[in-house]
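The values are calculated or read from the model by the stated rules, or taken from the named source; none is laboratory data. Since this is a predicted model, take the numbers as computed values, not measurements. When we count neighbours, we look across all protein chains shown, and the Cβ atoms used for this are built from the backbone with ideal geometry, even at glycine.
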Amino acid sequence: MTKSHVLTIIKRLRGEFPDATCGLLHENPWQLLIATILSAQCTDKRVNEVTKKLFAERKSIADFANADLGKLEQEVHSTGFYRNKAANIKKCCILLLKNFDGQVPNTMKKLTSLPGVGRKTANVILGNAFGLNVGIVVDTHVKRISNLLGLTKEKNPVKIERNLMEVIPRTEWILFSHYLILHGRKTCIARRPNCPECLLADLCLYACSINIGRSQL
């Protein structure tokens with residue numbers, strides 16, 4: 001796929017989703033950190049329902065560091081993997097107070113030193129809390145759609161991110177993930193992609209392979 005095609009994809013997605021932003025509701029970096037930990041294998045909608053109550057009751061990192069683990073587990077139960085998530089949230093907040101003066105760090109290395117924080121979570125925080133284009137968030141939508149489009153042939157998220165970083169302009173890294181996530185929810189649905197109605201059909205390797213639209217590839 002040429003650079004021109006990639007830029008056209010971005011332009012069309014920007015036109016379709018001009019208000020694209022992070023789907024996890026938050027007011028500051030530590031709230032986004034907690035929300036992102038909870039988002040693993042869970043929908044943004046469910047996470048937002050849970051964090052609305054969590055953040056109303058606990059107003060600071062210290063409140064989470066001092067939280068009763070059993071109660072926290074109950075409060076995040078509906079997000080799945082609740083024991084691990086509750087433990088990681090509590091441990092993270094303890095370490096933020098101990099090692100980072102109660103502030104969420106803004107580097108990949110420091111963020112990924114926290115329990116439950118991998119590269120994907122760190123990218124979410126760096127991009128959306130600090131506005132730093134350090135990497136590209138690769139969730140299930142991004143993984144699937146980037147393969148369908150022909151932007152990568154990889155299945156490993158780290159390798160997919162590397163491929164995308166090579167072809168997507170750095171200034172678009174944060175928004176590109178948002179675009180694909182929204183596109184995946186609206187049109188390129190996992191089990192039944194609506195290729196005939198897709199604004200990217202003529203630029204999509206998969207859509208062109210099944211003769212949907214007129215290929216520009």
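Side notes on the structure shown:
One line per residue, one yes/no per condition, for (1) surrounded by fewer than 19 Cβ atoms within 10 Å (Cβ to Cβ); (2) more than 27 Å from residue 185 (Cβ to Cβ); (3) in contact (Cβ under 8 Å) with a residue 12 or more places away in the chain; (4) assigned by TED's automatic domain parsing to the domain that holds residue 158:
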{"site": "55", "(1), (2), (3), (4)": "no, no, yes, no"}
{"site": "66", "(1), (2), (3), (4)": "yes, yes, no, no"}
{"site": "70", "(1), (2), (3), (4)": "yes, yes, no, no"}
{"site": "81", "(1), (2), (3), (4)": "yes, no, yes, no"}
{"site": "85", "(1), (2), (3), (4)": "no, no, yes, no"}
{"site": "89", "(1), (2), (3), (4)": "no, no, yes, no"}
{"site": "97", "(1), (2), (3), (4)": "yes, yes, yes, no"}
{"site": "100", "(1), (2), (3), (4)": "yes, yes, no, no"}
{"site": "104", "(1), (2), (3), (4)": "no, yes, yes, no"}
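- Among residues of the stretch 199-211, those that are touching a residue at least 12 places away in the same chain (Cβ under 8 Å) and farther than 14 Å from residue 150 by Cβ, counted: 1
- The stretch 160-176, residues that are under 15 Å from residue 16 (Cβ atoms) and not acidic (Asp, Glu): 175, 176
- Counted as qualifying within the stretch 1-116 are the helices (runs of 4 or more DSSP H) with 2 or more residues that are small (Gly, Ala, Ser), namely 3-16, 61-65, 82-99.
- The residues of the stretch 156-185 that are in contact with a helix residue (DSSP H, G or I) (Cβ under 8 Å, 6 or more places away or on another chain) and of a type in the set (Lys, Arg) amount to a single one, 185.
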